[in-house]
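In what follows, a structure is listed as structure tokens, so that the remarks can point back to it.
The values are calculated or read from the model by the stated rules, or taken from the named source; none is laboratory data. Everything numeric in this text was worked out from a predicted model, so none of it was measured. Positions of Cβ are generated from backbone atoms using ideal geometry, with glycine treated the same way; all protein chains shown enter the neighbour counts.
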Amino acid sequence: MSDTSSDPRALAATLPTLLSGVEPILITTSGSTGVPKTVVVSTAALRASATATAARIGEGAWLLALPVAYVAGLQVLVRAHLAGTRPVYLDGRFTPDAFVAAAHEMPVSASRYTSLVPAQLATLVSAAETEPGVQDALRSFETILIGGQALPLPLRERADALGIRVVRTYGSTETSGGCVYDGVPLDGVDVRVIGGELVIAGPTLADGYLGDDALTTATFPVDPDGTRRYRTGDTGSVEDGVVRVTGRRDNVIVSGGVNVSLDRVEAVVRGVPGLEHAVVIGVPDERWGEASVIVLESIEGADDAALLEAARAAVAEAIGPAARPARIARRAIPQLPSGKPDRTGMRQDLARE
């Protein structure tokens, strides 16, 4: 078995050999809500995912702006390889200037693609709203895939207003990356709801978890007809072929005896002006058992009392009074290498307080 290298150029050099072989690749999940797991992914599944992506959005040159130790970054290299193009690398810290410089290195004759997480897109959109050069660079991409976590609707609308072609993806390491694009499963991917949980089948599924047969059996059940499925742990719906994700089954608190989905709370909170980049975390609460806290980066002069009041009102109307956040905590939001917020770390810090 092969581990993904942290050096993207070294991995790109060995990728043709890896993809032509039968040995699976080991990819460690980011562990944003729990303990990281090592997923065993076959090269056939990686190729199936990349091929389905090309069929959906086209193929061409790819810009790598994500760590290749995670599946989203690795798939950028796989897609570029299968398209016969050389990937362009964004080296060093992710900034608008670094993104523009990398975009300028891309061939002008090929369609351009990249994959980002919402935090990266937010950084670029904010810069593009005042800097034409950043806007031009973003608009030069045929498609920008956005995954890793939920894409806030206000951010999507700002990107659309600038003429940036964004596609929201849904998937995981266990599905070889995004397998649902803007709510529509890729060709060959079947998504259905079983027992309230989104369950996925298709050629992009991973083999399982390294050294954990019990977890593999529980997470990848096999139907009587032999169809192998992946239990995502997400709640959602599938209507008229469109997949909608409502939250994590395990990202739930019990506040005053009422089950509250923190994903739903966070989605509503991010719709409040000034809270677009908020993260909602559950913490112990002496009175209610558990309560939710809105975590925000520090901004001088912000009226947190007014923001909290607006957030509580919006959540009460959309979900119910029991789901209202208790307070706002201002602090730096730690990021995992994958670009996702470190929710486990924030939860532990807030609980210690």
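Among the conditions (1) closer than 18 Å to Thr51 by Cβ; (2) loosely packed, with under 15 Cβ neighbours inside 10 Å, Thr227 misses just one, which is (1). For segment 293-334, give me each residue that is in contact with a Pro (Cβ under 8 Å, 6 or more places away or on another chain) and over 16 Å from His277 (Cβ atoms). Matches in segment 293-334: Arg312, Val315. Filtered by the rule that a residue be touching a Phe, Trp or Tyr at 6+ places or on another chain (Cβ under 9 Å) and either buried (at least 20 other Cβ atoms within 10 Å of the Cβ) or not β-branched (Val, Ile, Thr) (or both), segment 254-289 gives Ser255, Gly256, Gly257. Within segment 202-246, the set of residues being more than 30 Å from Ala267 (Cα to Cα), under 23 Å from the mean Cα position of the chain (by Cα) and not aromatic (Phe, Trp, Tyr) comprises Pro203, Asp207, Gly208, Leu210, Thr216. Scanning segment 1-38 for residues that are modelled with pLDDT under 90, within 16 Å of Thr175 (Cα to Cα) and part of a strand (DSSP E or B) gives a single hit, Thr28.
Conditions (1) out of contact with any Lys or Arg (no Cβ under 7 Å at 6 or more places or on another chain); (2) not assigned by TED's automatic domain parsing to the domain that holds Val78, marked per residue:
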position	(1), (2)
Leu153	yes, no
Val180	yes, yes
Leu186	no, yes
Val189	yes, yes
Gly208	yes, yes
Thr227	yes, yes
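Hey, any hits in segment 160-169 for a residue that's over 17 Å from the mean Cα position of the chain (by Cα) and not in a loop (DSSP other than H, G, I, E, B)? Yes, because at least one residue in segment 160-169 is over 17 Å from the mean Cα position of the chain (by Cα) and not in a loop (DSSP other than H, G, I, E, B). Considering (1) out of contact with any strand residue (DSSP E or B) (no Cβ under 8 Å at 6 or more places or on another chain); (2) modelled with pLDDT of 90 or more, the lone condition that Val265 does not fulfil carries the number (1). Here Asp303, Asp342 are screened, and the one residue that is touching a Gly at 6+ places or on another chain (Cβ under 9 Å), in the same structural domain as Pro273 (by TED's automatic domain parsing) and more than 28 Å from Val117 (Cβ to Cβ) is Asp303. Note on segment 139-159: residues that are in contact (Cβ under 8 Å) with a residue 40 or more places away in the chain, among the polar types (S, T, N, Q) and not in a strand (DSSP E or B) total 1. Here segment 67-87 is the region considered, the condition is being aliphatic (A, V, I, L, M) and under 19 Å from Ser140 (Cβ atoms), and the residue that is surrounded by the fewest Cβ atoms within 10 Å (Cβ to Cβ) is Ala83.
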